[in-house]
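What follows is calculated from the coordinates using simple rules that are stated; it is not laboratory data. Just so you know, these numbers come straight off a predicted model, no measurement behind them. FYI the Cβ positions are ideal-geometry reconstructions off the backbone, even for glycines, and counts take in every protein chain you see.
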Amino acid sequence: MKKITILSLFLIFGLSFLCVAQKQKPRVLIFSKTVRYYHESIPAGIAAIIKMGEQNGFEVDTTENAAFFKEDSLKKYAAVIWLSTTGDVLSTAEQAHFERYIQSGGGYIGIHSASASEKEWDWFGKLTGAVFVNHPPDPVPGTINVTDRKDQSTKHLPQKWQWKDEWYNFNKRSSDVHVLFTADETTYKGGTEGAYHPLAWKHEFDGGRSFYTALGHLSEGYSDPLFQKHILEGIKYAIGKNQKLDYSKAKTAAP
């Protein structure tokens, strides 16, 4: 009986150790490379997300180096945050690696001008959910209509949220996204999409999870608790269950 009891204890402790090992803190990568316009708010965004990680149990790495976009590097991360990236920031091989990462179960968060990145890469436009076209000349105050008051990323927001930002116009919108809030074009000049103008959404795409918000042009926005909570919950959505990536599910050929 003693031998059986001792063996049982070893098995219990062994299984407990495995469970702890599998539940390591999620790790996310902030990618902020710019080829065209550089947003002065990027450092504020990085600082805010690092603090979110410290307070909410996930690790944060940051880079402007596209060389991180290879399997050995990406597989360390539960999600990759494209923070106000602009222009064509990845090579063809790096694009393939990122497609494989998402197809293997990775997460993506696009913030602000992420939608102005890689505009000729059709897959990325579908992952993001839309492609940036233009915006009015300067950031101005306007009203956001929160269409989903139950989602974790928006339930803390007022139904009509007063916000100052660049108000992006988009094309090539994906029809399968879940819209979180929209712009009220009657409250500012320069909107081109009419009565229904989505600004934030999420969806599952090609094996992974995608969250996008068009907000984030101004540095002070990243100090706003409402916006911080919006981003934090988007990151949590993209992280998902923090499961190990399964590259056997990747459909894009390895470069």
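Once the convex hull of all Cα atoms in the range 141-194 is built, its volume per residue stands at 88 Å³. Over the chain, DSSP H runs of length four or greater, each weighted -39,500 (n - 2.57), average out per residue to a 222 nm ellipticity of -9000 deg cm²/dmol. Normalised size of the chain, defined as Cα radius of gyration per 2.2 N^0.38 Å with N residues, equals 1.10. Across the range 60-65, rounded Karplus estimates of 3J(HN,Hα) from the backbone phi angles (6.51 cos²θ - 1.76 cosθ + 1.60, θ = phi - 60°) give 10, 10, 10, 7, 10, 8 Hz, Gly and Pro being marked x.
Here the range 45-72 and the range 89-157 have alpha carbon centers that stand 17 Å from each other. For the pair Lys189 and Gln152, a Förster radius of 45 Å applied to the C-beta separation gives a FRET efficiency near 0.90, rounded to the nearest 0.05.
Distances between placed amide hydrogens fall under 5 Å for Val60 paired with Val28, all partners being 5 or more residues away or on another chain.
Karplus-derived 3J(HN,Hα) values for the range 160-170, using 6.51 cos²θ - 1.76 cosθ + 1.60 with θ = phi - 60°, are 10, 9, 7, 8, 10, 6, 7, 9, 6, 9, 10 Hz; glycine and proline are entered as x. The modelled label-to-label distance between Tyr247 and Glu120, using points 7 Å beyond Cα along the C-beta direction, is 2.9 nm. Under 5 Å between amide hydrogens, built in the peptide plane, is the criterion, and for Val133 it picks out Asn169, Phe170, Asn171 among residues at least 5 positions away or on other chains. When its C-alpha radius of gyration is set against 2.2 N^0.38 Å (N residues), the range 39-101 gives a value of 1.19.
Karplus-based coupling profile of the range 133-147, in residue order and whole Hz: 10, 6, 8, x, x, 10, x, 9, x, x, 10, 9, 9, 7, 8, with θ = phi - 60° in 6.51 cos²θ - 1.76 cosθ + 1.60 and x standing for Gly or Pro. Computed over Cα pairs, the Kirkwood radius of the range 19-162 leads via Stokes-Einstein (0.692 mPa s, 37 °C) to a diffusion coefficient of 197 µm² per second. The antiparallel fraction among DSSP beta bridges confined to the range 24-249 stands at about 50%. Across the chain, C-alpha contacts under 8 Å between residues 6 or more apart give a mean separation that, scaled by the residue count, equals a relative contact order of 22 percent.
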